[in-house]
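Enquirer: First the structure, then my questions, so here it is.
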Amino acid sequence: QSPLCERLCRLLPPWLHPNAITLAGLATVVLGTAALVGQSPGLKGDQARPWAYYALALSHLVYQTLDNLDGKQARRTGAGSPLGLLIDHGA
């Protein structure tokens, strides 16, 4: 149970598909990772600027929240499907 996600789920419109939430979460992680790689092409920790680490950490926090939220939205709207399960666990 996540009180934060319970509240956030009530704010989501019923037409918003859970797979869109999952893909938005995946996109945040990709952007956060791209920010770090862009600042540290060799992936050596001493090269990246501090904001890139914060961006990556924030992207993971947003991803976890959205990952929790997509399941709640699927149950709320009855939009759960095998494809949604695959996307949720594959992303």
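The values are calculated or read from the model by the stated rules, or taken from the named source; none is laboratory data. Since this is a predicted model, take the numbers as computed values, not measurements. All Cβ positions, even for glycine, are placed from backbone atoms using ideal geometry, and neighbour counts span all protein chains on display. For accessibility, only protein heavy atoms count, side chains too; no ligands or nucleic acids. Shrake-Rupley method; radii C 1.70, N 1.55, O 1.52, S 1.80 Å.
Enquirer: Would you check if there is a residue in region 7-29 being in a helix (DSSP H, G or I) and charged (D, E, K, R)?
Expert: yes
Enquirer: Counting only residues that are crowded, with 16+ Cβ neighbours inside 10 Å, within 18 Å of residue 1 (Cα to Cα) and at pLDDT 90 or above, how many does region 33-72 have?
Expert: Qualifying residue count, region 33-72: 5.
Enquirer: Among the candidates 8, 4, 26, 12, single out the residue that is closer than 30 Å to residue 79 by Cβ and open to solvent by 70 Å² or more (accessible area, probe 1.4 Å).
Expert: 4
Enquirer: Which condition does residue 85 not pass, out of (1) at pLDDT 90 or above; (2) open to solvent by 50 Å² or more (accessible area, probe 1.4 Å); (3) closer than 23 Å to residue 13 by Cα, if it passes all the others?
Expert: Every listed condition holds for residue 85 apart from (1).
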